[in-house]
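Inspection log for the structure reproduced underneath, given as structure tokens.
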Amino acid sequence: MTIAIGDKIPNATVKTKTEDGPADLSTEDIFSGKTVVLFGVPGAFTPTCSMNHLPGFITHNDEFRAKGVDTLAVVAVNDIFVMGAWEKSSDAEGKILFLSDGNGEFTKALGLDIDLSVAGLGVRSKRYSMLVEDGVVKQLNIEESPGQADKSSAEALLEQM
């Protein structure tokens, strides 16, 4: 079942990059008592993700913060080393929290997984954006196609806030 507006984010653990190396981060740590913008992408370094989706959240970071957002985070079914390299190459350090869902467990718990085996990518995340307040989904935008970043764009989410 796909997560919906009004639902609580499921308990899961993802990984993030720290100065000491990879570290586990629980959804409780990410969302509890905070306003969070979370967007999911099919894959780090993929064309639509790198050229269309991620840049909007970097560009509009200050606007989200001005609207009370504590954390902007991106999650992908990629390993932590790929996510760390993507963070560094995108100049998003300190602006976006990059989360690795290497086995897709969090993505599957959200019901936002998609089988892209036909493209040689395996099971990945659908492209989406959401606004989460204290662990509860307040806005949710899911793309019909992983190659589009319109409904889930930073601009679309900002208009909903």
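Here are the numbers for the structure shown:
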read-out	value
Segment 1-42, residues that are part of a loop (DSSP other than H, G, I, E, B), in contact with a strand residue (DSSP E or B) (Cβ under 8 Å, 6 or more places away or on another chain) and more than 15 Å from L97 (Cα to Cα)	T2, I3, A4, I5, G6, D7, I9, N11, A12, P42
Qualifying positions in segment 116-161 - closer than 28 Å to G33 by Cα and among the aliphatic types (A, V, I, L, M)	M130, L131, V132, V136, V137, L140, I142, A154, A156, L157, L158, M161
Filtered residue count, segment 85-110, keeping only those that are in a helix (DSSP H, G or I) and open to solvent by less than 10 Å² (accessible area, probe 1.4 Å)	4
S50 being touching a residue at least 12 places away in the same chain (Cβ under 8 Å), under 24 Å from D115 (Cα atoms) and either of a type in the set (G, A, S) or surrounded by 20 or more Cβ atoms within 10 Å (Cβ to Cβ) (or both)	yes
Residue that is most open to solvent (accessible area, probe 1.4 Å), among those in segment 111-154 that are out of contact with any Lys or Arg (no Cβ under 9 Å at 6 or more places or on another chain) and in a strand (DSSP E or B)	K138
Close pairs from segment 21-38: first at pLDDT 95 or above and among the hydroxyl-bearing types (S, T, Y), partner surrounded by 12 or more Cβ atoms within 10 Å (Cβ to Cβ) and assigned to a strand (DSSP E or B), Cβ under 8 Å, at least 6 apart	S26/T13; T27/T13; T27/V14; T35/T71; T35/L131; T35/V132; T35/E133
Criterion (farther than 18 Å from S145 by Cα and touching a helix residue (DSSP H, G or I) at 6+ places or on another chain (Cβ under 9 Å)) met by exactly one of K34, K17	K17
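The values are calculated or read from the model by the stated rules, or taken from the named source; none is laboratory data. All values derive from a computational prediction rather than experimental measurement. Every residue, glycine as well, gets a Cβ built from its backbone with ideal geometry; the counts of neighbours run over all protein chains shown. These accessible areas exclude ligands, DNA and RNA; they are computed on the full protein's heavy atoms, side chains included. Shrake-Rupley method; radii C 1.70, N 1.55, O 1.52, S 1.80 Å.
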